[in-house]
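The values are calculated or read from the model by the stated rules, or taken from the named source; none is laboratory data. If you're wondering where the values come from, they're calculated on a predicted model, not measured in any experiment. Here the Cβ is made from the backbone with ideal geometry for all residues, glycine too, and neighbour counts use every protein chain on show. Surface accessibility is based on the protein's heavy atoms, side chains included, excluding ligands, DNA and RNA. Shrake-Rupley method; radii C 1.70, N 1.55, O 1.52, S 1.80 Å.
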Amino acid sequence: MSPAAQPDLLVPNGIPDRVLVCGLGSLGQHCVATLRQFGLQVSAIEEAEPQSWEFPDLRDWLEDFVVGDCRQPSVLRQAQIQRYRAILLVTSNEQVNLETAFAVRALGSEARLVVRSAKQNLNEQVGERLKNFVAFEPTDLPAPAFSVVAAAGELRGFFELEGKKLQVMKRQVPTDVWRSQNLIKKLNSPSCRVLSHSSDASQALNYFSDWQADTELQPGDTVVYIEVTDEFTIRVQRPQRRSRPYKQRFWKSLVQDLSWGSLKQRLSQLWQVTDQNQAVRAALISGFAVLVFLVLGAVLFQVSYLDSIEFQDALNVTVVLMLGGFDNLFGRLTLPFEISLGLYLFSLIMTVVGTTFVGILFALLNEYILSSRFQFAKRRPPVPQKDHVVLIGLGRVGQRVAALLQTLNQPVVGISPTALDSSILPQMPLLVGNVINLLERVNLDTAKSIVAATDDEMLNLEVGLMAHSRNPQSRIAIRIFGQRLTEHLAQLLPYARILCAYDLAAQAFATAAFGENILRLFRANNHTVLVVDYEVKPDDAFAKLSLSDIAHRYGVVPIFHQSPQRNGFSLIPPYTTTVQAGDRLVVLAEIDSIKRIEQTSRHVLQ
């Protein structure tokens, strides 16, 4: 198969079943494992023998393993790059990947290039010149999967196609919308198509399983369908929360807040939060010192002149001294009032302390005003009180997940170890500092989902465990990179969604090696579903087949069809449509379905 505007897949020498992977880090090893599922012969180039293999037998899966710098022409010649239909450039260095792409073309290879790179504009420019080129950023690909888990509703996937919104929903019968739709076939329409049906709630759904059109829907049945919609929607079946009476909760919270232990804990948290901002810490120390001397001075003057002045007058004298007014009170040759030597010395010390710390406060205030360039930045909204998503980690993946959740109109609060620019996600509440300490301030007990998406696997695991102990009813998504840890955690933490970022990305990279254009991927019932864009060639497996034949033969769901002979396109096209060479077809497919399509195409070509 070939995507829109892509040349033929076959390399000049006509060998269609070999793929070269440059870079055997975590992503590269996952790509090798995924490509092996297609029955392809896979070779690899790496600078040195990997010290750790994600898959114990992966070294034996490689047809050839070349040690060296993949940018060097001599290394590429040693790997015999003319043998390969596709070359995956997936090292962790984007510059190395792009340099290797140019080196491959300079050696005359026309193989499909699948490149790991986040430089979108540069990728487009390079792609126009190198041809048969596609680039992905592996950290962006899993973001939709995280956002769907965090949404915690009936939504299973969502994407846009030619400006139209499509969403995959999993719902139980009955609902108000379906009460009159007692047969499955009645659910199908020009804007909706059933993907699967199950009458057993405990049964694992095959998302593209066969279903009988005349089956009558019963209460408790589960139906998965894709529909065209104006706005992405999320319906959530929330469990009933047991809550204590309001007055009881109010008084208990008040007592806890007034206790010394609670006050000490809050002060400790405040001190740790300011660890990343020394200016704020200096302001807190200065303010505290000024407040202590202000109160102490007022008390001493009141006690010393109990019969002469009121407390307000004593406080006024203290304020004057703290603001450098020592000469106003004691600047005369003869003192106008009697004062003990101790109180006189304390007044002098208070003036020095006040001048110092008040000066620090003014300096910090001036620095803040100057750094803001006299612009009043828009304040971020407050932390939501309940039914929100707590997103930990706002790197590239976290920012993408947050943006998608905002697209779904989901309340979300972010926690980041480092400060973000005010222009990044300005409408999202954000807390910056120590992640573990800040969990106390995001209303974790009432959150509906917690997503741990930092670059630190152990921190993600720690957050996931803490979140579950605090709020067992919430949905938890944990970002992991290694395959072995993913498998272990999936068994030990059945309540959490363990998403291996590189496993998800590898499926898109491997599928792109066949020339397919991957528009989106999402997770559904522990399966990865790819939205794949095909341009049908005369010798392709799809040519001259009806959409019904394609769907049942390969286990895919056609959701878009466009013919050059007709104006416009069809979303959720009728299954009676026949596909011709030159048509564009977009389908939902799992990796096994793509494998069957690829094997059929190779058989036709042979």
statement: Listed by chain and number, the residues whose amide H is under 5 Å from that of Ser117, excluding neighbours fewer than 5 places away on the same chain and using placed H, are Phe136, Glu137
task: Please identify which residues in region 53-93 have an amide N closer than 16 Å to a label point set 7 Å out from the Cα of Lys119, following the Cα→Cβ vector.
output: 71, 89-93
Solvent accessible area, Å² - Leu294, 1.4 Å probe, full protein context: 40 Å²
statement: Summing +1 per Lys or Arg and -1 per Asp or Glu among the other residues with Cβ less than 10 Å from Ser191's Cβ gives +1
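Are there trypsin sites (Lys or Arg not before Pro) in region 467-576 that DSSP marks as loop and that have at most 10 other Cβ atoms within 10 Å, and which are they? List each step's numbers first, then the result.
On the way: sites: Arg470, Arg475, Arg479, Arg484, Arg497, Arg520, Arg523, Lys544, Arg553, Arg566; in loops: Lys544, Arg566.
For trypsin sites (Lys or Arg not before Pro) across region 467-576 that sit outside H, G, I, E and B with at most 10 neighbouring Cβ atoms in 10 Å, the list reads Arg566.
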field: Part-to-part distance (alpha-carbon centres) for region 513-588 and region 74-103, which is given in Å
entry: 30 Å
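Net charge within 15 Å of Gln95 by Cβ-Cβ distance, Lys/Arg positive one each and Asp/Glu negative one each, not counting Gln95 itself?
Working: positive: Arg71, Arg116, Lys119; negative: Glu47, Asp69, Glu94, Glu99, Glu137.
Taking every other residue near Gln95 into account, the sum is -2.
Which of Lys119/Lys595; Lys131/Lys537; Lys165/Lys544 have a Cα-Cα distance over 23 Å? Don't jump to the answer; show the numbers that get you there.
On the way: Lys119/Lys595 30 Å; Lys131/Lys537 18 Å; Lys165/Lys544 29 Å.
From the list (Lys119/Lys595; Lys131/Lys537; Lys165/Lys544), the Cα-Cα distance tops 23 Å for Lys119/Lys595; Lys165/Lys544.
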- prompt: Under a 1.4 angstrom probe, counting protein chains only, how are His527, His488, His388 ranked by accessible area, largest first?
  reply: His488, His527, His388
query: How would Glu47, Glu137 line up by accessible area, probe 1.4 Å, largest first?
result: Glu47, Glu137
task: Calculate, in whole percent, how much of the Cα-Cα pair population of region 354-509 lies beyond 26 Å.
output: 35 percent
message: On a straight-distance basis, which aspartates and glutamates could pair with Lys448 in a cross-link, Cα separation under 16 angstrom, same-chain partners fewer than 8 positions away excluded?
response: Glu154, Asp387, Glu440
field: Accessible area (Å², 1.4 Å probe, nearest 10) - Phe301
entry: 10 Å²
task: Give the accessible area for Val303 in Å² (nearest 10); use a 1.4 Å probe, count only protein heavy atoms, and leave out ligands, DNA and RNA.
output: 100 Å²
field: Rounded to whole Hz, the Karplus (6.51, -1.76, 1.60) HN-Hα couplings of region 121-127, x for glycine and proline
entry: 4, 5, 4, 5, 5, 5, x
